[in-house]
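The structure appears below as structure tokens.
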Amino acid sequence: MANIWLLSLLFLICILLAVFNHKKKHGQLPSPPGLPVIGILHQLGELPHQSLWKLSKKYGPVMHLKLGRVPTVIVSSAETARQVLKVHDLHCCTRPSLTGPRELSYNYLDIAFSPYDDYWKEVRKLCAQELFSTKQVHSIQPIKDEEVKKLIDSISESASQKTPVNLNKKCLSLTVSVVCRATFGVSFEGTVLNSDRFNQIVREALEMLGSFSASDFIPFVGWIIDWLSGLQSRRERSKRDLNLFYEQMFDLHKQGKKQGSEDFVDLLLRFEKEEVVLGNDKLTRNHIKAILMDVLLAGMDTSAITMTWAMTELARNPRVMRKVQNEIRTQMGEKAIISMDEIEQFHYLKMVIKETWRLHPTTPLLIPREVTSEIQIDGYTIPVKTRLHVNVWAIGRDPETWKDPEAFLPERFMDNNIDAKGQDFELLPFGGGRRICPAIYMGTTMVEFGLANLLYHFDWKLPDGMVVEDIDIEEAPGLTVNKKNDLVLVPTKYLDPCN
Ligand code: HEM
């Protein structure tokens, strides 16, 4: 008899739990409380991915945010990312129309911010063929070799004088030179813009694109907030600077001052002249500027940021630095030039790069998406027109997935097949689904090649008076997130057998 009572009680508890769970899942999405009108916009701060990570610890991996009039959902776990980027990808792969980025893109839509439509499909296909394909990436290897050699020579000079090197700047100048020469056919040394100014323009544009702007969320009042906070005038300035840069580059192409045969800009200018239709639109000068903006902003910054964070973590972890240098130097043997084939053998270097992407994904919230048909994530209903962000930065720190998540331990990738190409939702440095970065191969090979050379040719020490604990990992705000304070290290030339 007692057993029957016990069983009935258990049965009742199970039913109550199921009802409670159903209510919870199908009820309101967990949502942090906010102020009237602006919601929690004021709480996001300069580094929204960090604020949202903290909130997700309290409110869970699917969280609704009140940001003015725009319903926004943040997902912060590998499983919820899988549901967004795989299960429901078709219904979440368009982009919201953001006033800020659209203004920067001359009101024409480029690849990264374009809705999921025929124009996006055709432009993405064109770029994939002309820029990102394995064949194209291999064809620019001589440019990479030349630019890496210039970098090594300039660092060697600092090494001989025992002066410190600013690695944020060195990494960016390498990727700027490679991408500009490969895409625009021009090198910026002594031509269009000097490199520091150019880097400033790129950084400012990325910061503007990453900023959560009040006018995107609140009509009229939001515009006043942006105006008062100075965001509006910064955006205008950024747009003017970029425009000037493009015009100078087009002039340079017209005057035939660029080097080499038909490059990507020539191709687009020819399409404009021939009135080629992409999607439903004839390609105009403004479309070209918008397309180039993707290549400029997405291409240069992301690879440089990854290299800078990798060097930062290696300087903070001398054991890992020694191990990866040993791997490269042992395998290189007598050779002084690193080829792409050799890089394939640097397994530990690849783990170092994955670990860097886990802790420092370049685009921590990916690029925002918009829901086009009602979907269910983790049992919660997400209505049409909701804006979606995947907090890749939080996923990389999730203790459910990663043991000792704050530690830089490349060995964690030894016993698993987790890769970074968008199929493993624990590690998403390139995003996933239909909007995945189209230049994974180009970006990865750039990072591997740059790092392998920096690590092969030089030993890196801290400047006098500095200890490992002094190296900070503070982040700078933006759509992409670089190290805020420059990484400054002192190089010593490695005496390889060929020297
Ligand atoms: C280490 C290097 C790179 C990283 C970590 C990276 C990362 C990303 C991420 C996270 C996204 C957003 C994906 C999403 O929303 O799901 C993206 C999109 C994009 N990336 Fe990359 N990227 C890299 C290199 C490049 C390069 C070299 C180029 C071009 C030269 C490039 C061009 C683009 C474009 C055009 C998009 C927009 C795709 C779309 O919305 O359809 N990326 N990238």
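The values are calculated or read from the model by the stated rules, or taken from the named source; none is laboratory data. Computed from a prediction, not measured in an experiment: that's the story for all the values here. Neighbour counts are summed over all protein chains in view; Cβ atoms, including those assigned to glycine, are modelled from backbone coordinates with ideal geometry. Calculation scope for accessible area: heavy atoms of the full protein, side chains included, ligands and nucleic acids excluded. Shrake-Rupley method; radii C 1.70, N 1.55, O 1.52, S 1.80 Å.
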Q: Mind jotting down the three principal axis lengths of the range 380-499 based on Cα atoms? Whole angstrom, largest first.
A: 61, 33, 30
Q) Once both labels are modelled 7 Å past Cα along the beta-carbon direction, what's the ASP415-SER233 spacing in nm? A) 5.8
**Q.** Projected label distance in nm at LYS273 and ARG285, using a 7 Å step from Cα toward the beta-carbon
**A.** 1.5
Q: Describe numerically, in nm with one decimal, the distance between label points set 7 Å from Cα along Cα→Cβ at LYS385 and at HIS138.
A: 5.0
**Q.** Accessible area expressed per residue, the range 26-493, with surrounding protein chains retained (probe 1.4 Å, Å²)
**A.** 42
Q) When the chain is fully extended, how far beyond the present Cα-Cα distance does ASP470 get from LYS86, taking 0.36 nm per residue of separation? A) 134.1 nm
Q.
How tilted is helix 285-294 with respect to the longest principal axis of the chain? Cα atoms for both, answer in degrees (0 to 90, nearest 10).
A. 80
Q. Between ASP145 and GLN28, what is the FRET efficiency for a Förster distance of 60 Å, r being their Cβ-Cβ separation, to the nearest 0.05?
A. 0.55
Q. ASP117 to ILE440: extension gain in nm, 0.36 nm per residue of separation minus the Cα-Cα distance?
A. 114.1 nm
(Q) Taking 0.36 nm per residue of sequence separation and subtracting the Cα-Cα distance, how much length would be gained by fully extending the chain between GLN248 and ARG397, in nm to one decimal? (A) 49.3 nm
Q. So what's the gap between the Cα centers of the range 312-362 and the range 391-416, to the nearest angstrom?
A. 18
Q.
In Å and on Cα atoms, what radius of gyration and Dmax does the range 202-349 show?
A. 22.2, 66
Q | For the range 26-493, the spread of Cα positions along each principal axis, largest first, Å | A | 65, 56, 40
**Q.** Separation of alpha-carbon centers, the range 423-499 and the range 35-50, rounded to whole Å
**A.** 30
Q: Could you calculate, for the range 440-499, the ratio of the Cα radius of gyration to the Kirkwood radius, expressed as Rg to Rh?
A: 1.06
**Q.** 222 nm mean residue ellipticity, helices alone, for the chain (DSSP H n ≥ 4; -39,500 (n - 2.57); rounded to 500)
**A.** -15000 deg cm²/dmol
Q | Carbon/sulfur fraction of accessible area - the range 26-493, other protein chains in place, 1.4 Å, % | A | 53
Q) Can you give the relative contact order of the range 26-493 as a percent, counting alpha carbon pairs under 8 Å and 6+ residues apart? A) 27
Q. According to the Cα gyration tensor, what semi-axes, each the square root of 5 times an eigenvalue, does the equivalent ellipsoid of the range 257-306 have, listed from largest to smallest in whole Å?
A. 24, 16, 7
Q.
At a threshold of 8 angstrom on Cα-Cα distance, excluding pairs fewer than six apart, so keeping six or more, what relative contact order does the range 242-362 reach in percent?
A. 21
